[in-house]
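Chemist: Below are the structure tokens for one structure; questions will follow.
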Amino acid sequence: MKTFKVLSALAAYPGPDMIAAIPEMRAVLEREALLPASSRGFVEPLMASLAAGDLMEVQERYVFLFDRTRSLSLHLFEHVHGESRDRGQAMVDLKQLYEAAGFELSPTELPDYIPAFLEYLSTRPATEAVPLLGETVHILVTLAERLEKRSSPYGGLFRALVALSRVRPKAEDMAAVVADDGIEADDLQALDAVWQEEEVTFGPGAAAAACGKDTLGAKLRAAGRPAEGVAPPATAGARTVITHNRLPIA
């Protein structure tokens, strides 16, 4: 589904080719109509901002938001596992899910990077992709709220993803999301402090500390398993190798 590819491109670092493709992106969203018409307006402020802005300024804004502000990280497991040992296993599980479908990341990308996750979903049928997106809805809602608090047009992108997921987040999943540290990207002293290496939790206490945080990894693992009595899909042949941003959309 190209709708997921459009949203993946919008979530990635803005380059000149992506910005030039914005009219094509609008056409894809309208043509496929996977995202309801009432929700397509969520992404319009971002597309308009990218199209009208100076390239260096929109790139700088992106870096300030997503690369320098930890609470806005575009890595899914940062928001539910933090630096705990569970994050590594969740990465392995998600990477195996990709590989089982013949989808391969570039060596420099982590599997929980949201643009990569969305591009993987673009290779799957909607009946599979939409429920998988729904497993991340608590993270998507969190990012939408934090970006809207900062008056960023990227908040609309995550509102569109929430609408596309077609589910509401569970209270226990929302409670498991790592709290917003409230630090802004221009507060360099505070950023240095929060990015200091954190303690990794091991031993019997780790399971209790991570309670409620492993739902995403478990569900994504389950999604990669064939149904009972059904042979797993063949993975031989060409593999999709992902680097961002890959265009054209169509």
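Chemist: Let me confirm something: among Val28, Val63, Val58, which residue is closer than 19 Å to Thr123 by Cα and assigned to a helix (DSSP H, G or I)?
Modeler: Val28
Chemist: Looking for something part of a loop (DSSP other than H, G, I, E, B), surrounded by fewer than 19 Cβ atoms within 10 Å (Cβ to Cβ) and at pLDDT below 95 - is there at least one such residue anywhere in the range 110-119?
Modeler: Yes, the range 110-119 contains a residue that is part of a loop (DSSP other than H, G, I, E, B), surrounded by fewer than 19 Cβ atoms within 10 Å (Cβ to Cβ) and at pLDDT below 95.
Chemist: Could you look through the range 93-109, keep only residues that are out of contact with any strand residue (DSSP E or B) (no Cβ under 8 Å at 6 or more places or on another chain) and not in a helix (DSSP H, G or I), and pick out the one that is nearest to Ala12 (Cα to Cα)?
Modeler: Applying the filter and picking the extreme gives Thr108.
Chemist: Here's another thing I want to ask about it. Based on this model, can you work out whether Phe4 counts as closer than 24 Å to Ala126 by Cα and either modelled with pLDDT of 95 or more or outside any helix (DSSP H, G or I) (or both)?
Modeler: Yes, satisfied.
Chemist: Could you tell me how many of the residues in the range 24-55 are hydroxyl-bearing (Ser, Thr, Tyr) and surrounded by 14 or more Cβ atoms within 10 Å (Cβ to Cβ)?
Modeler: 2
Chemist: Taking Val58 and the conditions (1) over 15 Å from the mean Cα position of the chain (by Cα); (2) more than 22 Å from Leu164 (Cβ to Cβ); (3) at pLDDT below 95; (4) not hydroxyl-bearing (Ser, Thr, Tyr), which numbered condition does it fall short on, given that it satisfies the others?
Modeler: Exception for Val58: condition (3).
Chemist: Related question: Quick one: Thr142 ticks every box in (1) surrounded by fewer than 22 Cβ atoms within 10 Å (Cβ to Cβ); (2) polar (S, T, N, Q); (3) at pLDDT 95 or above bar one, so which box is it?
Modeler: It is condition (1) that Thr142 fails.
The values are calculated or read from the model by the stated rules, or taken from the named source; none is laboratory data. Everything numeric in this text was worked out from a predicted model, so none of it was measured. Using ideal geometry, Cβ is built from the backbone for each residue, glycine included, and neighbour counts are taken over all protein chains shown.
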